[in-house]
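Participant: My structure is below; once you've seen it, I'll send some questions.
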Amino acid sequence: MSGRVVAVVVNYQTWQFTRACVESLLATRYVPLSIVIVDNQSPNDSVAQLTRWLGTLDAQPETATFLGRN
């Protein structure tokens with residue numbers, strides 16, 4: 001395969017599933033891969049949980065981007 005792949009992951013109140021999805025994408029080791037996470041205004045603590053977790057990732061800064069609330 002060649003070319004850039006961009007995965008857009010939408011979250012709504014299920015940060016655990018979003019985290020599992022992103023971990024699965026990162027495990028593919030496909031380069032170049034960009035992951036964009038969009039939260040659909042979750043009323044729970046999804047934004048805080050994802051932000052905290054993304055701060056612990058050992059990934060290139062351009063690999064996973066969290067856009068916050070949509």
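The values are calculated or read from the model by the stated rules, or taken from the named source; none is laboratory data. Since the structure is predicted, the reported quantities are computational estimates derived from the model, not experimental observations. The protein model used for the area step is the full one, side chains on, heavy atoms only, and it has no ligands, DNA or RNA in it. Shrake-Rupley method; radii C 1.70, N 1.55, O 1.52, S 1.80 Å.
Participant: Work out how much length ARG4 to GLU23 would gain on full extension: take 0.36 nm times their residue separation and subtract the Cα-Cα distance, in nm to one decimal.
Facilitator: Values: separation 19, 0.36 × 19 = 6.84 nm, distance 1.83 nm.
Length difference between fully extended and current span is 5.0 nm.
Participant: If you count only protein heavy atoms and use a 1.4 Å probe, how large is the accessible surface of ARG4, to the nearest 10 Å²?
Facilitator: Estimated to the nearest 10 Å², ARG4 gives 140 Å².
Participant: Further question: Please report the carbon-and-sulfur percent of the accessible area for the range 1-51; probe 1.4 Å, protein heavy atoms only, DNA, RNA and ligands left out.
Facilitator: 58 percent
Participant: Turning to a different aspect of this structure: Sorting TYR30, TYR12 by accessible area (1.4 Å probe), largest first, what list results?
Facilitator: TYR12, TYR30
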